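The values are calculated or read from the model by the stated rules, or taken from the named source; none is laboratory data. Small disclaimer: the values here were computed from a predicted structure and weren't measured. Backbone-built Cβ (ideal geometry, glycine too); neighbour counts: all protein chains shown. Note: accessible area is taken over every heavy atom of the protein model, side chains too, but ligands, DNA and RNA are not part of it. Shrake-Rupley method; radii C 1.70, N 1.55, O 1.52, S 1.80 Å.
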Amino acid sequence: MPGAIYPVPRARAHNAVAFLHVSTDWDHVKFREYVIGHAKRAKVAHDQASLSKLTGIDSGLLGRYFRGEVQPGEANLERIQRVVPGTTLRDLRILTGRARPSEYEQAAEPTVPRTAHPLADEVDRLLADDSDLDSGERDLLTALLDRVLEPYRAGPRRRTA
């Protein structure tokens with residue numbers, strides 16, 4: 001059947017059409033965490049909307065990828081890989097079910113990058129030069145954080161009984 005998805009080895013030719021391994025059983029949550037996690041770590045995007053602007057992929061389409069409604073195509077995986085440092089096409093293909101880890105001589109699926117506490121990511125974004133906060137609010141947040149963190153900068157705190 002033309003255009004059907006077959007769970008067979010990649011690039012099998014049939015009637016002059018190449019069929020690639022594409023699985024409908026893929027972890028869209030892990031894919032989203034991988035892509036957004038790398039974008040946040042590289043400080044190029046912090047959410048779906050900013051990733052959409054960065055990649056040129058429609059935000060609604062990204063949302064459908066991240067909800068698992070639609071499986072990303074090769075062209076959009078390449079767009080993501082080109083603009084999000086730390087991602088590899090190999091990892092993106094595996095996470096979206098377009099390849100098996102064994103095809104790349106890997107024992108397991110790629111892991112989601114470890115990031116700091118979610119509040120640390122948010123504070124980093126809010127204090128950045130391109131923040132939505134005006135300079136007065138940024139100064140106020142900086143002063144508040146300095147005041148709260150000051151006792152911890154000198155080293156470990158002593159416990160008193």
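From the list A107, A99, which residue is under 26 Å from L77 (Cα atoms), open to solvent by 60 Å² or more (accessible area, probe 1.4 Å) and at pLDDT 80 or above?
Values: A99 fails: open to solvent by 60 Å² or more (accessible area, probe 1.4 Å).
Going through A107, A99 in turn, just one is under 26 Å from L77 (Cα atoms), open to solvent by 60 Å² or more (accessible area, probe 1.4 Å) and at pLDDT 80 or above: A107.
Would you point out the residue of the stretch 43-66, among those that are in contact (Cβ under 8 Å) with a residue 40 or more places away in the chain and surrounded by 14 or more Cβ atoms within 10 Å (Cβ to Cβ), that is farthest from the chain's Cα centre (by Cα)?
Start the filter on the stretch 43-66 by keeping residues that are in contact (Cβ under 8 Å) with a residue 40 or more places away in the chain, which leaves 43-44, 46.
Filter once more, keeping what is surrounded by 14 or more Cβ atoms within 10 Å (Cβ to Cβ): 44, 46.
Details: V44: 11, H46: 9 Å.
The extreme case among them is V44.
Report yes if R93 is within 30 Å of D25 (Cβ to Cβ), modelled with pLDDT of 90 or more and under 28 Å from the mean Cα position of the chain (by Cα), otherwise no. Quick ask: steps written out before the conclusion?
Working: within 30 Å of D25 (Cβ to Cβ): yes; modelled with pLDDT of 90 or more: yes; under 28 Å from the mean Cα position of the chain (by Cα): yes.
When the stated conditions are applied, R93 passes them.
When only residues in the stretch 70-90 that are more than 12 Å from the chain's Cα centre (by Cα) and of a type outside the set (D, E, K, R) count, which is nearest to L54 (Cα to Cα)? Result: N76.
Criterion first (in a helix (DSSP H, G or I), open to solvent by less than 50 Å² (accessible area, probe 1.4 Å), modelled with pLDDT of 90 or more and touching a helix residue (DSSP H, G or I) at 6+ places or on another chain (Cβ under 7 Å)) does R79 satisfy it? Before the answer, list the steps.
Values: in a helix (DSSP H, G or I): yes; open to solvent by less than 50 Å² (accessible area, probe 1.4 Å): no; modelled with pLDDT of 90 or more: yes; touching a helix residue (DSSP H, G or I) at 6+ places or on another chain (Cβ under 7 Å): yes.
Answer is no for this residue.
Take the conditions out of contact with any strand residue (DSSP E or B) (no Cβ under 9 Å at 6 or more places or on another chain), at pLDDT 85 or above and open to solvent by 40 Å² or more (accessible area, probe 1.4 Å) and apply them to E69. Does it pass? Against the criterion (out of contact with any strand residue (DSSP E or B) (no Cβ under 9 Å at 6 or more places or on another chain), at pLDDT 85 or above and open to solvent by 40 Å² or more (accessible area, probe 1.4 Å)), E69 qualifies. Within the stretch 10-29, not a single residue is modelled with pLDDT of 95 or more, open to solvent by less than 30 Å² (accessible area, probe 1.4 Å) and of a type outside the set (A, V, I, L, M).
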